[in-house]
1. Please give me, ordered by residue number, the trypsin sites (Lys or Arg not before Pro) of region 99-150 that lie in loop per DSSP and have at most 10 other Cβ atoms within 10 Å.
2. Efficiency by 1/(1 + (r/R0)^6): what FRET value for Met1 and Asn93, r their Cβ-Cβ distance, R0 = 45 Å, to the nearest 0.05?
3. If you count the DSSP beta bridges with both ends in the chain, what percent of them are antiparallel, to the nearest 5?
4. For Glu53, Glu45, Glu59, what ranking results if the residue with the fewest other Cβ atoms within 10 Å of its Cβ goes first?
5. Sum -39500 (n - 2.57) across every DSSP H segment of at least 4 residues in the chain, then divide by the residue count to get the 222 nm mean residue ellipticity, nearest 500.
6. Do any cysteines of the chain lack a neighbour Cys whose Cβ is under 4.7 Å away, and which are they?
7. Can you give me the C-alpha center-to-center distance between region 176-235 and region 135-154, rounded to a whole angstrom?
8. Modelling each spin label as a point 7 Å along the Cα-to-Cβ direction, I'd like the Thr25/Lys197 distance in nm, to one decimal.
Amino acid sequence: MEFHVYDNARAACEAAGALIMAQITRKGDSVLGLATGSTPIPAYEKLVGWHKEGILSFEHVRTFNLDEYVGIDYANPLSYHAFMEEHLFSKVNLKRKNIHLPDGHSATECQAYDRMIYEAGGIDLQLLGIGRNGHIGFNEPGKEFVYGTHIVTLAESTIEANARFFKSPDEVPRQAVSMGIGTIMSARCVVLVATGKEKADAVYNMIHGPITPEVPCSILQLHPCCVVLTDREAAGRMEA
Ligand code: GLP
């Protein structure tokens, strides 16, 4: 696992954008695994900027998002579909047919999502944020790692953390559909961005803790190509 600390959150996230840019430059038809949350926004801003400057084309890029809430209208600005439209899809030349988000609510639909990723040749670069409790995608702490795309019941701490986007915690969906740990681990390269002091414990446990489904991100210790980018706050316990 590679670990890089930046002076501030924006720099860490922009560095993730640079790695995605390099990936697409090397392989024009890259398969990207994309993430939502407030963390990756500066990475998307950089990619949009490079696209507008004419030095980055998404014409042949294919994308698969990590997760989506269950029971939320995709037109709702708080859905992950709407998030991706706002921050990336509507601003670059991705082809509609090459954009995928998990939206299945049944096991069969979840399996179909994994099959689409497999048939696309697998994910070249998976962008990840991290939950305060160490979740990646919406793989919440639990008794076992779940391999494929699946329906998840959100942890109370995740509902609390994500309530800041909603009018009240009651409005946060209780379930989500998420890529599984196996799908994430199958990506050829993983780029995880963590910023802010509330992520410091998760970052420390991811890198120095035991590998356990109680801290889902800890599995990344076994990934052959995982780059972790943080600001000073999220690296707070690493430097202690
Ligand atoms: C959500 C998403 C995760 C994301 C996490 C952190 O729970 N499912 O993919 O990493 O939030 O979000 P933020 O970047 O806003 O802290």
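1. Qualifying residues, ordered by number: Lys143.
2. Efficiency for this residue pair is about 0.85.
3. The antiparallel fraction comes to roughly 30 percent.
4. Listed from fewest to most nearby Cβ atoms, that is Glu53, Glu59, Glu45.
5. -9000 deg cm²/dmol
6. Cys13, Cys110, Cys217, Cys226
7. The distance from the Cα centre of region 176-235 to that of region 135-154 comes to 13 Å.
8. 3.7 nm
Just so you know, all these numbers are worked out from the coordinates, no wet-lab data involved. Values in this document were obtained by computation on a predicted structure and should not be read as measured data. Reconstructed Cβ throughout: ideal geometry from the backbone, glycine too, with neighbour counts over all protein chains shown.
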